[in-house]
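The values are calculated or read from the model by the stated rules, or taken from the named source; none is laboratory data. Note that this is a predicted model, so its numbers are computed, not measured. Note that each Cβ is placed from the backbone with ideal geometry, even for glycine, and that neighbours are counted across all protein chains shown.
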Amino acid sequence: MKKKSPLIRLLENIKERDKEIFCLCLLYTIITPLVSLFGIILPKVLISYLTEREATNQGIIIIVSVFFAFGALIYFLKQWLQDSTYPRITELRIDYIRDQCVKLLNMDYPYMESATFLEKYNKALESTSNNSEGIEGIYHKLFELPQLGTIVLVLAFFIGFKNPIILLAILVNIGVTTLISVYVQKYEYKRKEALAKKERRVYYYGKVSKDFMYGKDVRVYSLKDRIDDNFRLEIKGYIDVFKVIKNREYALGFITLATLFLSDLATYGVLTYLTFKGMSISDYSMYVIAASTLSLQMTTLSENITFIMREYLYVRDFYEFMDADLGEHGGDLKAIPKEESMAIEFKNVTFAYPGTDKYILKDFSLTIPKGQKLAIVGINGAGKTTFVKLLTGLFKVNEGEILINGININEYKKIELYKMFGAVFQEVNILALTIAQNIACTLENVDYKKLDKVLKQVGLYEKVYELKDNVNTTMLKIIDENGVVFSGGESQKLAIARALYKGGNCVIMDEPTAALDALAEAEIYNKFDLLTEGKTAIYISHRLASTKFCDAIALLDETGLREYGTHDELMENKGSYYDMFVTQGKYYQEGGESA
């Protein structure tokens, strides 16, 4: 089925969400042209009064007062209609932002790491970013078009009836200007990805220069000059691309200047000739103002149309993005019941990250029975974190399949699949929300009893309740200058509390103790059974001493699954696991003996 035009979809959106905008537009179209007409008629009336009869101060005051009163009323109504409509239009755009955010947050994770994807859709995503461009910009111009069209038609008929040469000259000027504008906008659109690429680089260095997180590294390693030089280089690259577009526009501008000169020459020449032939001075002034007004309104109309045509291309890309299947939906199945444990099976899984030829997993198979606590260990780059990303549906396998309770994970709805996992990743992301909101991942309906329970489980309860606003304390200092900033270890504990609060059928801990000291790490180990009670659990770590409390251990290396068994079995086999454990043993002492 043929897709609807973006303009049709924008208008249908108004019909669906706020029909009153159409009524406001109609009233605006009726009232606004009167403002221009008053400006054209007033000079004629005054000049006629001054030249054709005995003028008095009282008469002039009356004429001006009448025009002023009606003009002020009409202008007030015009502004009121505008001010009443534009907030409604902004609300429509904000609704689109919400829809866009839902799409971005649910689409397949690989797109978030794809520079090509960001370059392709950068301008499309920006079409909801402000009041003057993209979707809202088009809405504003569409609101103005009917009244502009009405003024142009009335004045074109009025002037054309007097002398068609003036109308023709104005039409030629506007036509040439419009064609050049359309050509320039298409030229710019063709270079949208090159511009987006440069903008993304400029944005990155701008972000780094303002981000406090980089402050220590910049100072200690004297990176200021390096960042500054790169920033300047990227800005120059962006300007070079931008110059090519603007130089083309500047060169073509001489043509529009020539047609404008010819248009003005025709207007004033013809009207001057008609005045010599007997046309009154008052009519001369009226037609000069009418011609100037027509030229101005036609220019505005042309600019609005070309603006819509330019932004239409990016709004079309926006709808293309919204319509695209980016994997945000997944299958049709709901999550398995909360009380049910999870069985996991990787069957002959092969996977390489998008854009690379290096396989992280090759014909990989592993089964995790319901309720098992499995430790996954191995050297860096062996695929431990990749295993988690595949299991949670962040990436899709190239070959093979992953089963949850015997069902391929692609058959679950994405949002339902995510519900089944409580995961702690290596990178801990703290948001500038309250502690409660960071853990509960919601702004309302927080279960404070459950919140206190998980805070106690991870050892943060006393820390949090020492704060003035306890769990309602804002984190970070971005929003609230009095916000609390946790240490790396405390942030890691908060991430574990977040996973425990969420629950799920499977708990995944990817290097959860990397930022913890030895005592805090031991506390987490001792509570591991309690934290994962009744659930399937996957514990990823490069610290082999932390694996002894798991039911089974899977050792991964570049060849795939190298060894599998309990800690005692693998130690008895004296293979790779044994060698790694003995090597690390000196770092894990308990009572003077190797753990």
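Just name the residue that is modelled with the highest pLDDT out of those in the stretch 553-595 that are more than 26 Å from Pro369 (Cα to Cα) and in a loop (DSSP other than H, G, I, E, B).
Tyr588
Against the condition touching a residue at least 40 places away in the same chain (Cβ under 8 Å), of a type outside the set (Lys, Arg), over 30 Å from Glu199 (Cβ atoms) and buried (at least 19 other Cβ atoms within 10 Å of the Cβ), how does Asn122 come out, does it pass?
So Asn122 does not fit the description; no.
Can you work out which of the residues in the stretch 474-513 that are β-branched (Val, Ile, Thr) and farther than 15 Å from Glu427 by Cβ is surrounded by the most Cβ atoms within 10 Å (Cβ to Cβ)?
So, considering only residues that are β-branched (Val, Ile, Thr) and farther than 15 Å from Glu427 by Cβ, the one surrounded by the most Cβ atoms within 10 Å (Cβ to Cβ) is Val507.
Can you tell me which residues in the stretch 100-118 are farther than 25 Å from Thr356 by Cβ and loosely packed, with under 15 Cβ neighbours inside 10 Å?
Cys101, Val102, Leu105
Being out of contact with any Leu (no Cβ under 9 Å at 6 or more places or on another chain), farther than 30 Å from Ile360 by Cβ, surrounded by fewer than 15 Cβ atoms within 10 Å (Cβ to Cβ) and modelled with pLDDT of 90 or more is the requirement here; does Glu466 meet it?
Taking the combined requirement at face value, the residue satisfies it.
Within the stretch 462-481, which residues are assigned to a loop (DSSP other than H, G, I, E, B) and of a type in the set (A, V, I, L, M)?
Those that are assigned to a loop (DSSP other than H, G, I, E, B) and of a type in the set (A, V, I, L, M): Leu467, Leu476, Ile478, Ile479.
Yes/no matrix, rows are residues, columns are (1) under 28 Å from Thr116 (Cα atoms); (2) in contact (Cβ under 8 Å) with a residue 40 or more places away in the chain:
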site: His329; (1), (2): yes, yes
site: Phe351; (1), (2): yes, yes
site: Ile368; (1), (2): no, yes
site: Ile376; (1), (2): no, yes
site: Phe387; (1), (2): yes, yes
site: Thr392; (1), (2): yes, yes
site: Ile409; (1), (2): yes, no
site: Val428; (1), (2): yes, yes
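Being of a type in the set (D, E, K, R), at pLDDT below 90 and loosely packed, with under 13 Cβ neighbours inside 10 Å is the filter here, so list the residues in the stretch 12-55 that pass it.
Within the stretch 12-55, Glu52, Arg53, Glu54 meet the criteria.
What are the residues in the stretch 85-116 that are among the β-branched types (Val, Ile, Thr) and farther than 17 Å from Ala324 by Cα, if any?
Thr85, Ile89, Thr90, Ile94
Inspect all residues belonging to the stretch 167-182 and state whether any of them is within 29 Å of the chain's Cα centre (by Cα) and either surrounded by 14 or more Cβ atoms within 10 Å (Cβ to Cβ) or not in a helix (DSSP H, G or I) (or both).
yes
Which one of the conditions (1) over 30 Å from Glu91 (Cα atoms); (2) not in a helix (DSSP H, G or I) does Gly160 fail to meet, given that it meets all the rest?
(2)
Which of the following residues is at pLDDT below 95 and in contact with a helix residue (DSSP H, G or I) (Cβ under 8 Å, 6 or more places away or on another chain): Gly371, Gly327?
Residue meeting the stated conditions: Gly327.
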